[in-house]
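Below is one structure, written out as structure tokens; comments come after it.
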Amino acid sequence: MAKLANFTPTILKNLFSKPATTTYPFEPFKYPEGTRGHIENDIDNCIFCGMCTRNCPTRCLTIDKATHTWTINRFDCLACEYCTVVCPKKCLHTVEGYQEPMPEKSTVTYTMSEEAIAAEAEKKRIAAEKAKAAKEAAAKKKAEEEAKAAAEAAAAEAAPEAPAAE
Amino acid sequence: MAETTAKRSIVPYGPQHPVLPEPIHLDLVLEDEKIVDVLPNVGFIHRGLEKLVQKKDFNEMMYVIERVCGICSFVHGMGYCATIEKVFDVEIPDRAKFLRTMWSEMSRIHSHMLWLGLLADAFGFESLFYQVWRSREQILNMVELHTGSRLISSVNKVGGVLKDVDDDKLKILSKTIDQIEEDMLRVQKVFFEDYSVQSRLKGIGILTPEQAHALGAVGPFARASGIPLDLRMRGDNAMPYIDFEPITSNDCDCYARCYVRFMEVLQSIDIIRQCIAKMPADHTLVTPVKGNPQGEAFVRLEQPRGEVVYYAKANGTKFLDRFRVRTPTFANLIPLCETIKGENFADLGLLVLSIDPCISCTER
Ligand code: SF4
Ligand code: SF4
């Protein structure tokens, strides 16, 4: 008998305990914290450097610097998080919720907001101005140095000539 | 007299068959109900993953190698990274070592539980099958909590691991493994003592230690034949700091394989407990590697299914020349054919299952 009734305690326990399954979708599923659902881009911080597109193992990302867009094909994405590791601005992250089924593979495009584009253009302008100023200053300094060098050379040339004239 | 009456027939079996867990094809030579010879045939799901190494750089390749197998995914990723680390000759931080050991033991638990469930299904004990898988669900939830994904965890990196675990998560894990241990101890008697289980497993598929040694069996399959071959004894990752003795059995049959895998679940729970207790406080996770790998390396590791061998040859560019995986199922196929010979046709499904076959690993 001992050989037969081994499973009975488990059966009894299961009979009087809560079911192990849930009634999804009536009872929503609770994801653990940090679960990898899908990738989101905090696009206003993106600098369109292309690190993510070059390193993504499935090449499911594309960027367009001119139109300030970042596009992801979520059906090709593995949610491997490698793009979030390589992104220098750390603007990519995974959030919960998986890609919903669709009749065909589609892409999602993130576009940089107008303000962010304007702010970026402003930053670029300031940087360009600074660069220009720095370049001018450098050119001026160089010209001054050249003039000085030329004067010194002339002086040096004049000096040895003097004894020869004697 | 038997010679004159028995008529031989050849039965093609698989790759698609209701009792087969994986697409393997066997040509069986039958004498009445008895299998007298068997010829295995694989190659139905070859994906050419090793060739991809010439197209994906060595960092991206980690994500490809992880997909060699869904169940041992973590160990494949870890093995790949360990091989490239050996080429670079870098040592990973201590915490990364402990995390790798802990996560690989978690994957061993869920792999063995999957197998125990499938075994219960194969000998027709459906409720035991669901009972084991119910416990398995808890460990999968823990893998998701720690790594963000249930099976393919993508947390390895050449030089270390990508994710850290805080103390809360470790506490939740230790509570969950206590629960799993309790559940498993409750069903332990069923696996080891139940009449119907014993009548299906005892004395079936004998592989003697000599055969296991000569034919190169690995993993739990070899340990069930009394060979104490466990690569964890070599002290990879955090294993030098952990008390560990390989589990063996001298019965050499399907029952012994069930015993070894069941006890290994409990042993892995113990290893995880030790890892949690000894987890280093320093939170450094990655030793940075610079440049591209140059040279070659071999790495041997213990997967849930047995010994796996990785080989990498790098040429100083970001693409490797060659990457090779020798998976445990590949090593176990020939000893499997030896165990099948002389058995009943009706036990075939159980016998193929007893090596825990992973054909997609074998073919890559
Ligand atoms: S790596 Fe980051 S900053 Fe660079 S393009 Fe991708 S999302 Fe933008
Ligand atoms: S998660 Fe992986 S697959 Fe998805 S976009 Fe990022 S790098 Fe590509």
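The values are calculated or read from the model by the stated rules, or taken from the named source; none is laboratory data. Being a predicted model, the structure only gives us computed values, none of them experimental. Glycine gets a Cβ as well: all are built from the backbone with ideal geometry, and neighbour counts include every protein chain shown.
Numbers below:
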{"quantity": "Pick from the range B:270-299, criterion in a strand (DSSP E or B) and not charged (D, E, K, R), ranking: farthest from B:Y310 (Cα to Cα)", "calculated": "B:V286"}
{"quantity": "Residue satisfying all of: in the range B:172-192; surrounded by fewer than 16 Cβ atoms within 10 Å (Cβ to Cβ) and charged (D, E, K, R); farthest from the other protein chains (Cβ to nearest Cβ) among these", "calculated": "B:D178"}
{"quantity": "Selection from the range B:200-221 of residues that are closer than 16 Å to B:P357 by Cα, part of a helix (DSSP H, G or I) and not hydrophobic (A, V, I, L, M, F, W, C)", "calculated": "B:G219, B:P220"}
{"quantity": "B:Y241 vs. criteria under 21 Å from B:G124 (Cβ atoms), surrounded by fewer than 22 Cβ atoms within 10 Å (Cβ to Cβ) and not basic (K, R)", "calculated": "no"}
{"quantity": "Cross-chain or 6+ apart pairs with Cβ under 7 Å, the range B:180-191 first and farther than 14 Å from B:L128 by Cβ, then part of a helix (DSSP H, G or I)", "calculated": "B:I180/B:S135; B:I180/B:Q138; B:I180/B:I139; B:I180/B:I269; B:E181/B:L266; B:E181/B:I269"}
{"quantity": "Subset of the range A:59-85 [surrounded by fewer than 16 Cβ atoms within 10 Å (Cβ to Cβ) and either outside the structural domain of A:R36 (by TED's automatic domain parsing) or near ligand 2 (Cβ under 8 Å from one of its atoms) (or both)]", "calculated": "A:R59, A:D76"}
{"quantity": "Selection status of B:A238, in contact with a Phe, Trp or Tyr (Cβ under 7 Å, 6 or more places away or on another chain) and either in contact (Cβ under 8 Å) with a residue 24 or more places away in the chain or closer than 16 Å to B:V75 by Cβ (or both)", "calculated": "yes"}
{"quantity": "Hey, B:S153 among the small types (G, A, S), within 14 Å of chain A (Cβ to nearest Cβ) and over 18 Å from A:T21 (Cβ atoms) or not", "calculated": "yes"}
{"quantity": "The range B:283-307: number of residues that are surrounded by 15 or more Cβ atoms within 10 Å (Cβ to Cβ) and of a type in the set (S, T, Y)", "calculated": "1"}
{"quantity": "Selection status of A:C91, near ligand 2 (Cβ under 10 Å from one of its atoms) and under 26 Å from B:E144 (Cα atoms)", "calculated": "no"}
{"quantity": "Condition check for B:P209: within 19 Å of the chain's Cα centre (by Cα), away from every other protein chain (no Cβ under 11 Å) and of a type outside the set (G, A, S)", "calculated": "no"}
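Yes/no per residue for (1) within 21 Å of B:K56 (Cα to Cα); (2) charged (D, E, K, R):
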| site | (1), (2) |
| --- | --- |
| A:F48 | no, no |
| A:T53 | yes, no |
| A:R59 | yes, yes |
| A:K65 | no, yes |
| A:N73 | yes, no |
| A:C77 | yes, no |
